[in-house]
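Since every read-out is calculated from the coordinates, none of them should be taken as a lab result. Quick caveat: nothing in here was measured; it's all calculated off a predicted structure.
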Amino acid sequence: MVFVVLAATTAVLTRDPARQAVVLSVLGLGLAVLFAVLQAPDVALSQLAVGSALTPLLILLTVRKVTRPPTGADRDAAGHGNADQEPGL
């Protein structure tokens, strides 16, 4: 129980989103173990899948997508086109 409280506090106090995702994964693992100890194996398996793997993965993919500079294809899809073209063409 103390480990879960410390991991949750660390997740809240961590500023970097990538590190936050790692701490969140560790927190999910701790919660899964706690649920297994409290004899709730179905909840433990769900927590293991969602809290330890899926949610941190989605956070890391989102951080990667948000922080990378746009490529040429991304700019074209956004409607910014090519710089050499005249407006209205």
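If I stretch the segment between LEU34 and VAL50 completely, what's the gain in nm (0.36 nm per residue apart, minus their alpha carbon distance), one decimal?
4.2 nm
How much length is gained on full extension from VAL63 to THR9, taking 0.36 nm per residue of separation minus their Cα-Cα distance?
Result for the pair: 17.3 nm of gain on full extension.
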